[in-house]
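K.L.:
Can you keep this structure in mind? I'll have questions shortly.
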Amino acid sequence: MSETGLETGAFSVKGVLVEMKDLSDSMLDLAYSAVLYSNPEIAKEVFKLEERMHSLLYKVRIAIMLGARNLEDAVAFSAVLQMAGAAEKISNAAGDIAKIAESVDITRYLDREDFEEAVINVRITPASVLKDRTLKDLQLETETGMSVLAIKRGSEWLYSPEENERLREGDLVISSGPTEGIPVFCKLATCEKYESERKREEGRLKRRRVSEEIADLIAEMKNVSELMVGLSYSAVMFESREIAEEVKELEEAMDGMKEELEVAVLEAAGGVTRGVTEGREGAGAERSNFGELRGLLHVAISSEIISDAAYEIADVVLREIRLHPVFSASIKESDEVILKLEARNEGLFGKTLKELNLETRTGMFVLAIRRAEGRGKWIYNPAGDAVLKAGDLLILRGPREAEAKIKEICGAAV
């Protein structure tokens, strides 16, 4: 028995938990990539990763049964199992989102630029400055804010590629990061100026039979669910009941958004049904729209499931369960880090987040700001016009490769 009480001769539970967290994060991005590009091939790869997640949870369950020596251990291990189960729920929701790409094309209802964290697929062209260079040399996270999730080379898929992986001409690169980083990343990959999706499809909203309200709700639910996951892990990392309470409130807000979207979809579906029943011209197209509406509803349901899973993670803090050290260690060693930093660099003071452009410069997302003034008030998911002040405490999440750079920008870590 190791000092963590959660090691077996066959595998490291800490390593399994690290993989579960990283896998759930990347699966979610890949699932949205499958839907945003209506790519069933990517969806099939998500399903394979979902099977991997099931096997990882099985390992955690075995380790917990073998490791509990007393009631105190059992309580601590139950929290680990609860959070591992939440990671699996996120992966299951990702699988459900990916299934949509196999049955219906809903791309005309979605706008990547509505998402705070975008997923984009780009092919490396012959003239690309990224060609024949390793990911380590390119440092894309700190140059563009974009992180490479996967590479498709011919018929082969490379997930979570190693830093020594060299990009080649013709590679399809799937990346995620701040929306603002897309133009820079696309220019590097294709040597062509990125054309905004809104400009490219300026008249698309006018042609929709589904209201813009539905599309906006889908984007908001995606953004909030991902925020909740980041905040829930932050609550655990920093043992913050205050942040955990915010996750709880956001979960309740997500329930309201889901109900609002269900009503909007049912109203839109009612119009489609009338057109089909009355045999109006274009009823065949309306029948197709009905399938698209169903797909949009599934995306919303999956987003709400993700928010429930985030709440399960935060619930451990709310119930004041002593967390086993193996879980905190697994968060610290995952590909995506969560940091708490004080803004000490005077060059930051008085500037807005938009002006500082931290996401594109480092790939780090600001989840929350705690003001030094006003009794330590928290601002969650701060907007671009939020101004940094002396003594502000930031909670950020992003790629491990960006940790040193963001610490340098902020001045010092807490």
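K.L.:
Out of segment 144-160, which residues are assigned to a loop (DSSP other than H, G, I, E, B) and closer than 15 Å to Asp25 by Cβ?
P.N.:
Passing the criteria: Met146, Ser160.
K.L.:
Would you mind stating whether Ala383 is more than 21 Å from Met20 (Cβ to Cβ) and either within 20 Å of the chain's Cα centre (by Cα) or assigned to a loop (DSSP other than H, G, I, E, B) (or both)?
P.N.:
So Ala383 passes the test.
K.L.:
Among the residues of segment 337-360, is any closer than 30 Å to Glu72 by Cβ and of a type outside the set (A, V, I, L, M)?
P.N.:
Within segment 337-360, one or more residues are closer than 30 Å to Glu72 by Cβ and of a type outside the set (A, V, I, L, M).
K.L.:
If you check Arg319 against the conditions, is it free of Cβ contacts under 8 Å to residues at least 12 places away in the same chain and of a type in the set (Lys, Arg)?
P.N.:
Criteria met by Arg319.
K.L.:
Here is a follow-up. Quick one: count up the residues across segment 386-396 that are closer than 15 Å to Glu246 by Cβ and either under 17 Å from the mean Cα position of the chain (by Cα) or among the charged types (D, E, K, R) (or both).
P.N.:
The total comes to 1.
K.L.:
Something else now. Among the residues in segment 167-187, are any under 16 Å from His298 (Cα atoms), modelled with pLDDT under 95 and more than 17 Å from the chain's Cα centre (by Cα)?
P.N.:
No, every residue in segment 167-187 fails to be under 16 Å from His298 (Cα atoms), modelled with pLDDT under 95 and more than 17 Å from the chain's Cα centre (by Cα).
Residue-by-condition table, conditions (1) assigned to a loop (DSSP other than H, G, I, E, B); (2) in contact with a Ser or Thr (Cβ under 7 Å, 6 or more places away or on another chain):
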site	(1), (2)
Leu323	yes, no
Ser330	no, no
Lys354	no, no
Thr360	no, yes
Leu367	no, yes
Ile395	no, yes
Ala402	no, yes
Lys407	no, no
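K.L.:
Out of segment 38-94, which residues are surrounded by fewer than 19 Cβ atoms within 10 Å (Cβ to Cβ), in contact with a helix residue (DSSP H, G or I) (Cβ under 7 Å, 6 or more places away or on another chain) and not in a helix (DSSP H, G or I)?
P.N.:
Ser38, Ala68
K.L.:
In segment 374-401, what residues are at pLDDT below 90 and under 29 Å from Ser160 (Cβ atoms)?
P.N.:
Pro399, Arg400, Glu401
The values are calculated or read from the model by the stated rules, or taken from the named source; none is laboratory data. Just so we're clear, the structure is a prediction, and the values are computed from it rather than from any experiment. Cβ sites come from the backbone with ideal geometry, for glycine too, and all protein chains shown count toward neighbours.
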